[in-house]
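Asks: Before I ask anything, let me first share the structure, which is written out below as structure tokens.
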Amino acid sequence: MRFVKSESCRHGLLELLQFCVLLFICSGSFAQQPASAPAVQAGSASTGKAGPAASAAQSSEGSKPAPSPAADVPGMDMKAGIPLYETIQEDWSSLEIGTSKLEPEKPLVAETEQQDTFTRMLVQVKWRPGDPLDLWIIEPKGVTKPPVVLYLYGYDQDTGRFKNDRWASRVTSGGVAAVGFVSALSGHRFHDRPMNQWFVSELQEAVGSTVHDVKFILDYLAERGDLDMNRVGMFGEGSGGTVAILAAAADSRIKAVDALEPWGDWPDFLAKSVLVQQDPDHAAYVKPDFLKRVAPLDPVQWLPQLKIPIRIQQVREGDSTPIEVKEKVKGAAPKQASVVRFEGESDLGEHEGGGRLFDWIKERLQETAAPDASKASVAGNSGNGSMPNPR
């Protein structure tokens, strides 16, 4: 039976292949293929450029070019015939934009929804080839230019909670706006990639590009003019907490950070996290070259230099973040930071459930009047100036 099933599958595949070839020929698309472009390695500070486009193939009429086989393929550079993410020229090792070649495009408003206490808008923004980003902008009704909190959850989360009415009501209670988005290589932003790639395997790109995203998001929010950009906070969970800390170091517009179980201390995290150890390629993540690439993006190095209100919440029994990492993050926290430890997730839920988790950062922003920008963050700039070296 196993042989019969195998033969049947083989014949089926051959028939399907023959049909596709015939369809391809009949469509007149059997044009000359472009020469292969040189590979550009992702996962490091990329400066590679796509190779030159091949000459357009001519149709049998001799004058009209035949359609490109790669035409209208999502996530592909039509001229070079390679994935768009391999054409990105971005320095992921730096918290600032620097020499990265990123150009914001005109945002697209997808939908607007009116609820009793809030307005929710979905806006698609883009500044990186092949990487559109969904922003969920939720504003409390009856409040002119409210303060705003950016929400970034773990790498394994998509935008589902931002569509939840109960969540939206909680984050906007007290007259504070909320902007939700997801990290690079997460949710709707993971596409056109080999399946063995994920947030940790491309850690430098995933963290570095998401920190850059925050700068562009803040630029867009400032252009809108309906939010108080002197009172901006950021809430992050897990890998999102890491990005929140780094983004605050890069951009003085962030006046408060609330990080729940932030990742960090990369040598210990990558070696001992149960989450990472499950990856068959785990051994590659503890090699010197990999650790060297992610070292500039370690929040343990940036935390001591932050001067803004910070809260770090840790769950002692959480196994995805090793205890060694928790201790290093706690030890790196500046003296004005509040570090809170819970024994388990049930203790965290009992203390912070029912929307209380969001109260701390909203209270910090309500207290903030427009502090001196030079004292607001280690960078003392809006993401465009030079950055100090972490020590």
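Asks: Using the beta-carbon distance between A295 and H188 and R0 = 35 Å, what value does 1/(1 + (r/R0)^6) give for FRET efficiency, to the nearest 0.05?
Replies: 0.75
Asks: Also, I was wondering about something else. Evaluate the distance, in nm, between pseudo-label points positioned 7 Å from the Cα of D347 and of Q305 along their respective Cα→Cβ axes.
Replies: Once both label points are built, they end up 3.3 nm from each other.
Asks: Give, in nm to one decimal, the length gained when the segment between V274 and V340 is fully stretched (0.36 nm per residue of separation minus the Cα-Cα distance). Before the final figure, lay out the partial values.
Replies: On the way: separation 66, 0.36 × 66 = 23.76 nm, distance 2.26 nm.
In short, 21.5 nm is gained.
Asks: Dividing the Cα radius of gyration by the Kirkwood radius, what Rg/Rh value follows for region 141-292?
Replies: Answer for region 141-292: 1.01.
Asks: For V340, enumerate residues with amide H under 5 Å from its amide H, sequence gap 5+ or separate chain, H modeled in the peptide plane.
Replies: I312, Q313, Q314
Asks: Sticking with this one: May I ask you to derive the FRET efficiency for T99 and R356 from their Cβ-Cβ distance with R0 = 45 Å, giving the value to the nearest 0.05?
Replies: 0.55
Asks: Okay, next question. Give me the Kirkwood hydrodynamic radius of region 122-211, using the inverse of the mean 1/r over all pairs of distinct Cα atoms, in Å to one decimal.
Replies: Roughly 14.2 Å, rounded to one decimal.
Asks: Here's another thing I want to ask about it. Mind listing the phi-derived Karplus ³J(HN,Hα) values for region 327-342, rounded to whole Hz, using 6.51, -1.76 and 1.60 with θ = phi - 60°, and x for any glycine or proline?
Replies: 5, 5, 5, 4, x, 8, 4, x, 5, 7, 6, 10, 10, 10, 10, 10
Asks: Another one. Could you list T112, T210 in order of exposure, starting from the residue whose Cβ has the fewest other Cβ atoms within 10 Å?
Replies: Ranking T112, T210 by Cβ neighbours within 10 Å, fewest first, gives T112, T210.
Asks: What distance in nm separates the simple spin-label points at K106 and E363, each placed 7 Å from Cα in the Cβ direction?
Replies: 4.5
Asks: At a threshold of 8 angstrom on Cα-Cα distance, excluding pairs fewer than six apart, so keeping six or more, what relative contact order does region 189-304 reach in percent?
Replies: Contact order relative to length: 24 percent.
Asks: If you average the alpha carbon positions of region 280-350 and of region 105-142, how far apart do those two centres end up, in angstrom?
Replies: 30
Asks: Each residue of region 203-211 in order: what ³J(HN,Hα) in whole Hz does its phi give by Karplus 6.51 cos²θ - 1.76 cosθ + 1.60, θ = phi - 60°, with x for Gly and Pro?
Replies: Those phi angles translate into 4, 4, 5, 4, 6, x, 5, 5, 4 Hz.
Asks: Could you please rank L133, L102, L185, placing first whichever residue has the fewest other Cβ atoms within 10 Å of its Cβ?
Replies: Starting with the residue having the fewest Cβ neighbours, the order is L102, L133, L185.
Asks: Can you list which of the GluC sites (Glu not before Pro) found in region 100-151 are DSSP loop residues with at most 15 other C-beta atoms within 10 Å? Display every interim value, and only then the final one.
Replies: On the way: sites: E105, E111, E113; in loops: E105.
Listed in order of number, the matching sites are E105.
Asks: Another question, then. Taking the Cβ of each residue in V243, V109, V143 as the centre, tally the other Cβ atoms inside 10 Å and list the residues starting with the fewest.
Replies: V109, V143, V243
Asks: Rg/Rh for region 239-306: what does it come to with C-alpha atoms and Rh from Kirkwood?
Replies: 1.02
Asks: Past 22 Å, Cα to Cα, is the threshold; run K163/K326; K126/K292; K272/K326; K145/K255; K287/K330 against it and keep the listed order.
Replies: K163/K326; K126/K292; K287/K330
Asks: What FRET efficiency do you get for E113 and K287 if R0 is 56 Å and r is their Cβ-Cβ distance, rounded to the nearest 0.05?
Replies: On the way: r = 47 Å, r/R0 = 0.85.
So, using R0 = 56 Å, E works out to roughly 0.75.
Asks: Something else about it: What is the mean projected area of the alpha carbon convex hull for region 108-376, to one decimal in square nanometres?
Replies: Result: 13.8 nm².
Read-outs: derived from the displayed coordinates by stated rules, not from any lab. Keep in mind it's a predicted model, so treat the numbers as computed, not measured. Counting neighbours? That spans all protein chains shown, and the Cβs are built from the backbone with ideal geometry, glycine included.
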